[in-house]
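Scroll down for the structure; my scribbles are underneath it.
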């Protein structure tokens, strides 16, 4: 039987996180080139790490959902979640993360024309 130690598990998590951050840098450069050209890659990576932590506070942990969360942070503003109405949606843990993000997206881009009060 193969046994994975705690240290090995932490190393695998770290590698997976770094790979995700690298993919996210490429994603942001592709879809938000104007935002990304004003910061260097290290600052962008730091922003992604902070964003991952912020997403986790809303129990947003699946990679596809974290990508959506970071996209909103870039497209709208990094503190979009401070809006009380949006925060209420994000904290409604009876809904899936995907549903909460879709509702936030709808509120921002469909109901409010991309503007947060």
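What follows is calculated from the coordinates using simple rules that are stated; it is not laboratory data. Everything numeric here is computed off the predicted structure, so don't read it as measured data. Note: ideal-geometry Cβ built from the backbone for every residue, glycine included; neighbour counts use all protein chains shown.
Our note on the geometry: Cα centres of region 59-81 and region 1-27, 21 Å apart.
Take every Cα pair under 8 Å whose residues are at least 6 apart in sequence, average their separation, divide by the length of region 8-111, and the relative contact order is 19 percent. Here each label is just a point 7 Å from Cα along the line to Cβ, and for residue 105 and residue 5 those points are 4.3 nm apart. Counting neighbouring beta carbons within 10 Å and listing from fewest to most, the residues 76, 104 come out as 76, 104. Secondary-structure-derived ellipticity at 222 nm for the chain, considering helices only, amounts to -20000 deg cm²/dmol, per-run term -39500 (n - 2.57) for DSSP H runs with n ≥ 4.
Which entry is the computed Rg/Rh (Cα atoms, Kirkwood Rh) for this structure: [x] 1.03; [y] 1.39; [z] 0.93? Of the listed options [x] 1.03; [y] 1.39; [z] 0.93, [x] comes from this structure.
In this calculation the C-beta distance from residue 22 to residue 57 is compared with R0 = 22 Å, giving a FRET efficiency of 0.40.
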